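Report on the structure given below.
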Amino acid sequence: MWMCRHVAKALAETNYEDLPPLRKFGLKLHVKLCIMCGKFHRQVMDFQDAARFYRTHEDQGDIPSQRCMDDSCKHRLQEAIHAARQSAKD
Ligand SMILES: [Zn+2]
């Protein structure tokens, strides 16, 4: 049985698509039904989906260069994500 804190911890530590199928199903079910955290965690999952899509297509060169982030922007984003993860753990 997933609890809100378990969902938060799983989403902070890993990409939900990388979870084993049964755990992923439990997480998605909780997010779908929970009135306390469902909306927020759905947004986190959407962000992970968008990041995965961007990473896949950036590697394949499908994204026009003007839409690609430069290295300094990527670095700032990585630092912001790392800081958010650290504050979530505290
Ligand atoms: Zn919840």
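Taken together, the values in this text are just the output of simple stated rules run on the coordinates, not laboratory data. Only a predicted model underlies this, so the values are computations on that prediction, with no experimental measurement involved. Reconstructed Cβ throughout: ideal geometry from the backbone, glycine too, with neighbour counts over all protein chains shown.
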Quick check: pseudo-label points 7 Å beyond the Cα along Cα→Cβ at Phe25 and Ser72, how many nm apart are they?
4.9
Given the rule -39500 (n - 2.57) for each run of at least 4 DSSP H residues, summed and divided by the residues of the chain, what is its mean residue ellipticity at 222 nm, to the nearest 500 deg cm²/dmol?
-24000 deg cm²/dmol
In whole Hz and in residue order, list the ³J(HN,Hα) couplings for segment 21-27 that follow from phi through the Karplus curve 6.51 cos²θ - 1.76 cosθ + 1.60, θ = phi - 60°; x for Gly and Pro.
x, 5, 5, 4, 4, x, 5
As I understand it, the value is the acute angle between the Cα axis of helix 38-60 and the longest principal axis of the Cα atoms of the chain; what does it come to in degrees, rounded to 10?
30
Just want to confirm a number: the relative contact order over segment 7-90, from Cα pairs under 8 angstrom separated by 6+ residues, in percent.
26
Figure the gain on full extension for Arg55 and Ile35 (residue separation times 0.36 nm, minus the Cα-Cα span) and round it to one decimal in nm.
4.1 nm
Kirkwood Rh over alpha-carbon pairs of the chain plugged into Stokes-Einstein at 4 °C, 1.567 mPa s gives a D in µm²/s of 89
So what J values fall out for segment 77-83 if you push phi through Karplus, 6.51 cos²θ - 1.76 cosθ + 1.60 with θ = phi - 60°, rounded to Hz, Gly and Pro as x?
5, 4, 5, 5, 5, 4, 4
